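See below for the structure under consideration.
The values are calculated or read from the model by the stated rules, or taken from the named source; none is laboratory data. A quick note: this is a predicted structure, and the numbers were derived from the prediction, not measured. All Cβ positions, glycine included, derive from the backbone under ideal geometry; neighbour counts span all protein chains shown. We work out accessible area using only protein heavy atoms, side chains counted, and drop any ligands, DNA or RNA first. Shrake-Rupley method; radii C 1.70, N 1.55, O 1.52, S 1.80 Å.
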Amino acid sequence: SEDGHISEKISDRVRMVDKRNAKLPRMLKEMNSPEFYKKNSDIFLIGWGSTRGALIESVDILRKEKVNVGCLNFSDIWPFPAPAVQQALGRGKQFFTVELNSTAQFARLIRQETGLSSSGAILKYDGRPFYPVEIAETLIKRIH
């Protein structure tokens, strides 16, 4: 119930779920939009959270190698900003997720929420952060 007492009444359950779902549109308005770096690129590296710095540095490394790459960084990922992502990546752009896990969870979330499939995932799951050169070298191998 609204006052915090446990209730198994169906009407209470439905009312509370409806109340939580009504918050989603306001949450979307308040959340941070994904942030581009080098927006007019042919290839994008996509990441969220702690990968941001390494992504930006890897873009700088790759651009020196004449790779037309940019990145899109997320700080807020739920509720997922599907319209913004579809607009940013839906024009036939090639994109790779850069993730600190072994199963490309963020790529799956993007596909689930937008229908867009990544060109691949650059994954690291040894407990260490990404080094920009790791991302750059992996991307070069994937696109050549």
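Below, the figures for the structure above:
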| read-out | value |
| --- | --- |
| Residue ID - surrounded by the most Cβ atoms within 10 Å (Cβ to Cβ), chosen from residues in the stretch 87-131 that are of a type in the set (Ser, Thr, Tyr) and over 20 Å from Met31 (Cβ atoms) | Ser118 |
| Hits in the stretch 27-66 (condition: modelled with pLDDT under 90, among the basic types (Lys, Arg) and surrounded by fewer than 10 Cβ atoms within 10 Å (Cβ to Cβ)) | Lys29 |
| Selection from the stretch 82-133 of residues that are closer than 16 Å to Gly53 by Cα and among the charged types (D, E, K, R) | Glu99, Lys124, Arg128 |
| Filtered residues of the stretch 1-26 (kept if open to solvent by 100 Å² or more (accessible area, probe 1.4 Å) and assigned to a loop (DSSP other than H, G, I, E, B)) | Glu2, Asp3, His5, Ile6, Glu8, Lys9 |
| Hey, Ala84 open to solvent by 30 Å² or more (accessible area, probe 1.4 Å) and touching a residue at least 40 places away in the same chain (Cβ under 8 Å) or not | yes |
| The stretch 59-81, residues that are among the hydrophobic types (A, V, I, L, M, F, W, C), under 14 Å from Ile46 (Cβ atoms) and within 11 Å of the chain's Cα centre (by Cα) | Cys71, Leu72, Phe74, Ile77, Phe80 |
| Matching residues in the stretch 87-106 - criterion: being farther than 20 Å from Leu123 by Cβ and in contact (Cβ under 8 Å) with a residue 12 or more places away in the chain | Ala88, Gly90, Lys93 |
